[in-house]
Amino acid sequence: AEAKRLAGDVRAGSDLFIALTHTGVDMDKRLAAEVPGLDVVIGGHDHVALREPLKVGAVWIGQAQYRGLFLGRLDFSVAGKKITLTSGRLIPITEELPEDREVKEMIAAYRGKFDHKLREVLGRNRIRLVGESERIRQVETNLGNLVADVMRRAARTEIGLVNAGFIRGSLEEGPITVEDVWRVLPYDNHVARMELSGNQIEEVLRHSASLGRGLAGGFLQVSGLSFVIGASGPREIRVNGKPLERERFYSVAVTDFMFAGGDGYSHFQKGRNRLLQPFLIRELFLAYLKENKEISAEVEGRIRRQD
């Protein structure tokens, strides 16, 4: 709705109307179909490698997977208000590509200012903490548990929930540096809290379970909860060891991304006593490392898949 409202102002006086999105290909198709005057959508979020651009009506859609694996290129000819796609492709980013000297020097200058801080050892990891998307977006992992635990403790809630897409890699066994934490938790997301009914929590877990059939970032890692994902959704839900009470309200900590409805979690916008807190999750994790020095976490059966 907002995109439609702004479309007229954006299109007026411009030769080309391009939307840069982070909502996934399905939503990009919807934008292409519904927003008047749109020419091109360059998207992200679901990490699709569109080796050839899609076309919806007169609108072209491109996406170049993720993590710099490809450079996406779309070439157009523009004549008045009419555009014509002349070529579209993904260029693989490989070791064979020559470095750009100017860019390398610019990065080196900035790294020189921060290297000493990034290399600071905060603690030691007694076991590998797993955060690869192939695992953390489908099943319980020990790193997902730890991040959810840290959030829950900081917010002083009964339940902690973190979207797997917030966690971008694993922490290897051994020393952990500031740079390691920034690599794994690169986003400046805050903790938020609210109260949800047992019924609402069940619906949240149902949504998470549906996302866990692929590699969607909205799959939840949890603290204070245990449940089974069956063919028909979540069951045997327990909160801190006790059966979920449908009519009771529970305090829940989430990322501010989900608090605002990200990854389809409109449920969190309907919670009561909603509060966005000033704590960056990455800073909470750094503080946890400094406090504990040696850390470990286990897969505890919080999420059991039987689907």
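The values are calculated or read from the model by the stated rules, or taken from the named source; none is laboratory data. Predicted, not measured: the structure shown is a model, and the values here were computed from it. Here Cβ is always computed from backbone atoms with ideal geometry, including for glycine, and neighbour counts include all displayed protein chains.
Within the option set Ala148, Ala109, being aliphatic (A, V, I, L, M), surrounded by fewer than 15 Cβ atoms within 10 Å (Cβ to Cβ) and more than 30 Å from Leu16 (Cβ to Cβ) holds for one residue only, Ala109. Restricting attention to region 284-307, the residues being surrounded by 16 or more Cβ atoms within 10 Å (Cβ to Cβ) and under 23 Å from Asp188 (Cβ atoms) number 6.
A quick yes/no check of all residues on (1) surrounded by 17 or more Cβ atoms within 10 Å (Cβ to Cβ); (2) at pLDDT below 90:
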site	(1), (2)
Thr23	no, yes
Asp26	no, yes
Arg30	no, no
Val41	yes, no
Pro53	yes, no
Val56	no, no
Gly62	yes, no
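Checked against (1) within 20 Å of the chain's Cα centre (by Cα); (2) polar (S, T, N, Q); (3) surrounded by fewer than 20 Cβ atoms within 10 Å (Cβ to Cβ), Thr177 passes all but condition (1). Considering Ser232, Ser226, Ser210, Ser170, the condition of being modelled with pLDDT of 95 or more, of a type in the set (Ser, Thr, Tyr) and out of contact with any helix residue (DSSP H, G or I) (no Cβ under 7 Å at 6 or more places or on another chain) is satisfied by Ser226 alone. The set of residues from region 152-174 being surrounded by 18 or more Cβ atoms within 10 Å (Cβ to Cβ), more than 18 Å from the chain's Cα centre (by Cα) and in a helix (DSSP H, G or I) comprises Arg152, Ala154, Ala155. Of all the residues in region 243-271, those that are farther than 25 Å from Gly217 by Cα and not in a loop (DSSP other than H, G, I, E, B) number 2. Scanning region 14-23 finds one or more residues that are without any contact (Cβ under 8 Å) to a residue 24 or more places away in the chain, outside the structural domain of Gly262 (by TED's automatic domain parsing) and closer than 13 Å to Ile83 by Cα. Of the residues Gly224, Gly233, Gly218, the single one that is under 23 Å from Lys270 (Cα atoms), surrounded by 17 or more Cβ atoms within 10 Å (Cβ to Cβ), touching a residue at least 60 places away in the same chain (Cβ under 8 Å) and in the same structural domain as Ile136 (by TED's automatic domain parsing) is Gly224.
Among the residues of this structure, Val139 counts as one that is over 19 Å from Glu172 (Cβ atoms), of a type in the set (A, V, I, L, M) and surrounded by 12 or more Cβ atoms within 10 Å (Cβ to Cβ).
Here Ala164 clears all of (1) of a type in the set (Gly, Ala, Ser); (2) within 18 Å of Gly301 (Cα to Cα); (3) at pLDDT below 95 except the condition numbered (3). If you scan region 205-215, which residues turn out to be in contact with a strand residue (DSSP E or B) (Cβ under 9 Å, 6 or more places away or on another chain) and part of a loop (DSSP other than H, G, I, E, B)? Within region 205-215, Gly212 is the sole residue that qualifies. For region 269-305, residues that are closer than 19 Å to Ser210 by Cα, within 21 Å of the chain's Cα centre (by Cα) and modelled with pLDDT under 95 total 0.
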